[in-house]
1. Take the Cβ-Cβ distance between residue 66 and residue 43 as r, set R0 to 35 Å, and report the resulting FRET efficiency rounded to the nearest 0.05.
2. Enumerate by residue number the trypsin sites (Lys or Arg not before Pro) in the stretch 1-50 meeting two conditions: DSSP loop (anything except H, G, I, E, B), and at most 11 other Cβ atoms within 10 Å of the site's Cβ.
3. Let me make sure I get this right: for the stretch 1-77, a, b and c are the square roots of the gyration tensor eigenvalues over alpha carbons, sorted descending. Under 1.5 in a/c it's rounded, otherwise prolate if a/b > b/c, else oblate. Which is it?
Amino acid sequence: MIEGMLDIFGTRLTLTFAAIALLYLLWSTAPIWWPMQRVLRRKDLQQRWSFVFTALALIYGATALVLVPLVAMLKLHELLVQPAHLPWSWIVTPGAWVIEHDRKVFAAVLALSPLLLTWWITRTLATHWTVLCTRSATPPKDPR
């Protein structure tokens, strides 16, 4: 299989595909391996698997909370605003390169936001984890 890809695409493009696949694998599994490396590095964390699963749930929930409205706004923009412009208006419109540059920056922020949320949530949860684990699971007694 690899020889076939090397014959078709060449060595450089095949290695580029492999590097992109490796980066995607690291990006998509970061919510799992980042809390795991935190657990392995800090020996004072209690209930290690609970920490990993809690961090994983918080990371996926926060990522959905951030990305769903952003993607919905982008799709509404594509549906309502873009059809009003001519297909070649980016050539005629002054400052079209700024709009294109902003789109690339926005796409980079969208791609990096799950990683930033992963880092921030894991770090914040790790600092408060001992307090969360030492709290009692039973509700306080009625003072009457």
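1. 0.60
2. Here the sparse-neighbourhood loop sites are 43.
3. oblate
Read-outs: derived from the displayed coordinates by stated rules, not from any lab. Here the structure is a predicted model, which means the values were calculated and not measured. When we count neighbours, we look across all protein chains shown, and the Cβ atoms used for this are built from the backbone with ideal geometry, even at glycine.
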